[in-house]
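Every read-out reported here was derived from the displayed coordinates using simple, explicitly stated rules and does not represent laboratory data. These figures come from a predicted structure and were not determined experimentally. Please note: Cβ atoms are built from the backbone with ideal geometry, for glycine as well, and neighbour counts cover all protein chains shown.
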Amino acid sequence: MDAGTGAVSRMLLELDSLRAGYDRPVVGPLSMQLHAGEVVGLWGANGSGKSTLLAAIGNGARIFSGEIRRAPGLRVAYQEQRPVRLPAMPFTGRDLLRISGAKGSIAALPATLRDLLDRRVDRLSGGQYQLLCVWAALGRGAELIMLDEPTNNLDPAHEALLAEMLSRRSEERAVLLVSHERSFLDGVCNRVLELST
Amino acid sequence: MDPAMLIDPLFRVPFATGLLLACVLPLIGALLMLREEWLAALGLAHLAAAGALLSLAAGAPAVAGGLLAALGGGAVKGLVGARGNAAYAFMILGGWSALLLIAANTAIGDSLGHALVEGQLYFAGRTDLAAAIALALVAAPALAWLMPRLLRARLFPRDEAANALPAHRWHLGFDLLAATAMAVGTATLGLMGAFALVFVPAWAAFRLASGWRATLTLSAAVGVVGFVAAFQLALALDQPFGPVLVGVLLATAGSVLLPDLLRARARSARVDAGAPGWPKPGGSQVRPPP
C-alpha cells in the first residue's frame, strides 16, 4: 500500500505456506507478499533458514510444500553471500558492471565506488568488491533484488555507504535482504521478517 | 632468420593455418581459464590426438577423426553436466591410453603417433587450412554471443537459475567450440603445441592485463608472436615444431612476467630490510609511548 496515495503497488512475489530446504525442510511454513517499492529484511539466528529462503526463491533449493508465485516475466538479481572471487580476475570495476548488465548505472555510482571503476577487482579489498557486487545487483534492471548478507566484509563507513545505496528507492523494484545485523535491517528496510529456528 | 620463409610457397599454407590457430586458441584459453577448466585443453587434445590417429590409420584426414573424438568428449561432458577439471583428467587418461594402443596396433600408427605428439605443422595441407578457416569463421560470431553469457555465469552464478535461463545452450555451446578448436589445433600443431597455445598466453594475460579486453588482446598477441617466432626458429634450426612452440611460449611468458616478479621480489626485500614506509615483518604496528 502506498502511504501517500493509498494505491496498491504491484505485487512481485508471493510465498504461500512455503517449506523449503535441501535434504530436509530448513525454513517454513512461511507466507508473505513482496510489492514493488519495498525493501524487506529477513532476520533470524544462524540456521533459521534465511539464506535457504533466498535460494528457494532463486530456484536453488528444494520446495517441500507450499508455493512461490512470481509476477509474470519477473527479472531477478541474486547476490549470494560470498561474491565469486577467483585466484586471478582480470576485470576492472567497469568490466564487472558491464558484465552484470549494470553499465547504465555507472553515472549514478557513489563517488567512493567510482574510484574503483578502473582498478582490477582482484586488487580491491573484500568490502570494496562486496559493494561493487551489490551495486551491480541493484543496477542491472531487475525487479526483484535478493541480497544475502551484503554487510559481510564491510567496515562502518562502507556499511553506511551500503545503507545509502539501498535508500535510493525505486517504485519499480523490491529488495529482499538477508542480514544477521538487526540494527542495519531496521535502518534500511520498510519491514523486517523474523525467522525462527 | 629470414622473414621471407614466412611467404615461401612451400610454407605458406602451414604458416597461414598456424597463424589462424594462434589467434583463436588463446581466446578459447582465456575463457577456459576463467572457468578454471584449463585442463580441458589437454583432455580434449588427447581425445583429438587418438581420434586423429585412428582417422589417419583408416586413410581419412586427421582433422576429421580428431574433430569427432573431441566433439564426442565435449558433448558427453556438457550433457552430463560435468564441471571442473576432474572430467578432463578422465579425458587425458582415456585419450592417452587410446592413442598409444592405436599407435601400437596399426601399420603406420607408430610414426604418425610421434608426428601428432611432436606437432609437424610443416606437413599441414589445404584440408588443415580449410579446417582452421572454418574454425575462425565459426569462433568469431560464436565467441561474440557466448562471451557475455559465460562471463555473467561465472561472476554472477545465481542469476541463471533465479531467472530460469536456458544456460545449457551457452555452456554446451562453449564445450563444443573448445572441443572443435582443440581438435583442429591438435591435428595441425600437435598435442602439446595446441595445449600450450591455449594455456600459456591466457595464463600470462590473466596476471598482467588491466581488464578483460586487455586480457583477450594480450592473450592473442602472445599467441601470435610466439607462433611466428617458433615457426621461424623451428625451420632455421631444423627442429620439430611442437617442442619449439612450447619452448618459445614458455620463454615469452617468462619474459612478460619477469618485470612483475622482480618488482614483487624488490618489494619483499624492502619489507625484510625494514625500509621506510614498510613495517618490519612480525614487528609491532603500535608506536611505543614517548
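Pop out the ³J(HN,Hα) list for the range A:178-188 in order, Karplus 6.51 cos²θ - 1.76 cosθ + 1.60 with θ = phi - 60°, rounded to Hz; leave Gly and Pro as x.
Karplus values, whole Hz, x for Gly and Pro: 9, 7, 8, 9, 4, 5, 5, 4, 4, x, 10.
Can you pull the mean other chain C-beta count within 10 Å for peptide B:147-155? Could you put the intermediate results ahead of the total?
Numbers: counts 1, 3, 1, 1, 6, 5, 1, 4, 13.
Taking the mean over all residues of the peptide, I get 4.
Please list, ordered by chain and number, the residues whose modelled amide H lies under 5 Å from the amide H of A:M146; skip anything fewer than 5 residues away on the same chain.
Close amide H contacts, sequence-distant or interchain: A:A77, A:Y78, A:Q79, A:L176.
Pick from A:R70, A:R120, A:R85 the residue whose mean-square fluctuation is largest in a GNM of chain A, springs joining Cα atoms under 10 Å.
A:R85
In square nanometres, what is one fourth of the surface area of the convex hull spanned by the alpha carbons of chain A? Write out the running numbers ahead of the final one.
On the way: hull surface 46.4 nm².
Answer in nm², one decimal: 11.6.
Quick one: what Rg and Dmax do you get for the protein assembly as shown from the alpha carbons, in Å?
27.1, 87
Just the ratio, please: alpha-carbon radius of gyration of the range A:99-197 over 2.2 N^0.38 Å, N its number of residues.
Working: Rg = 13.5 Å, N = 99, 2.2 N^0.38 = 12.6 Å.
Ratio of Cα Rg to 2.2 N^0.38 Å: 1.07.
Go from 0 up to the bin containing the longest alpha carbon distance in the range B:3-272, width 10 Å each, and give me the % of pairs per bin.
7, 30, 34, 19, 7, 1, 0
Would you mind giving the mean number of other chain beta-carbons within 10 Å of the Cβ of each residue in A:80-86, as a whole number?
Working: counts 4, 0, 0, 2, 5, 1, 7.
Per residue, the number of nearby Cβ atoms from other chains is 3 on average.
If neighbour count is taken as other Cβ atoms inside 10 Å, put A:R24, A:R62 in order from fewest to most. Don't jump to the answer; show the numbers that get you there.
Numbers: A:R24 8, A:R62 15.
By the 10 Å Cβ count, ascending: A:R24, A:R62.
Given the protein assembly as shown, what percent of its DSSP beta bridges are antiparallel, to the nearest 5?
Values: 15 of 33 bridges.
Of those bridges, close to 45 percent are antiparallel.
Averaged over its residues, how many other protein chain Cβ atoms are within 10 Å of peptide A:71-79's Cβ atoms? Display every interim value, and only then the final one.
Details: counts 0, 0, 0, 2, 3, 6, 5, 8, 3.
Neighbouring Cβ atoms belonging to other protein chains average 3 per residue here.
Students often check this: by mean Cβ neighbours within 10 Å, which of B:71-80, B:199-208, A:159-168 ranks highest, and how do the rest follow? Kindly include the intermediate steps, with their values, before the conclusion.
Details: B:71-80: 18.2, B:199-208: 24.2, A:159-168: 15.7.
Averaged packing, sorted descending, gives the order B:199-208, B:71-80, A:159-168.
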